[in-house]
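K.L.:
Below is the structure I would like to discuss, written out as structure tokens.
The values are calculated or read from the model by the stated rules, or taken from the named source; none is laboratory data. Note that the structure is a prediction, hence the values are computed from the model and not measured. Neighbour counts are summed over all protein chains in view; Cβ atoms, including those assigned to glycine, are modelled from backbone coordinates with ideal geometry.
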Amino acid sequence: MQNTSRMRIKQLIVIVLVIVILYATCTVTDRFVDAGRCGVDLPPCANGLRCMNGYCKSDIAPVIPRFSDLPIMP
């Protein structure tokens, strides 16, 4: 009888942990939505970045690699 109650307590703890993890995961996504955003009523971009179309982006253009498996046309 005592093993049954311990098993139920362990199951309850696992269920509570799963609920806490799911809740934390769902609420954390709201914090990352505006992480790289800028503009009106949003924080300014960090040094070296500029606000382009509502996102903080660098002015440095990406470089095409010399060798690639993909067909790249300059």
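K.L.:
Can we say residue 21 is among the aliphatic types (A, V, I, L, M), outside any loop (DSSP other than H, G, I, E, B) and modelled with pLDDT of 80 or more?
P.N.:
Yes: the conditions hold for residue 21.
K.L.:
Restricting attention to segment 45-58, report how many residues are on the phi < 0 side of the Ramachandran plot, assigned to a loop (DSSP other than H, G, I, E, B) and either more than 20 Å from the chain's Cα centre (by Cα) or surrounded by 11 or more Cβ atoms within 10 Å (Cβ to Cβ) (or both). I'd like the intermediate steps shown before the answer.
P.N.:
Pass one, segment 45-58, residues on the phi < 0 side of the Ramachandran plot: 45-47, 49-52, 55-58.
Adding the requirement that they be assigned to a loop (DSSP other than H, G, I, E, B) leaves 45-47.
Add one more test, that the residue is either more than 20 Å from the chain's Cα centre (by Cα) or surrounded by 11 or more Cβ atoms within 10 Å (Cβ to Cβ) (or both), and what stays is 45, 47.
Residues in segment 45-58 being on the phi < 0 side of the Ramachandran plot, assigned to a loop (DSSP other than H, G, I, E, B) and either more than 20 Å from the chain's Cα centre (by Cα) or surrounded by 11 or more Cβ atoms within 10 Å (Cβ to Cβ) (or both): 2 in total.
K.L.:
Separate question: Can you tell me which residue is nearest to residue 55 (Cα to Cα) among those in segment 24-42 that are β-branched (Val, Ile, Thr) and at pLDDT 50 or above?
P.N.:
Taking the candidates together, the pick is 40.
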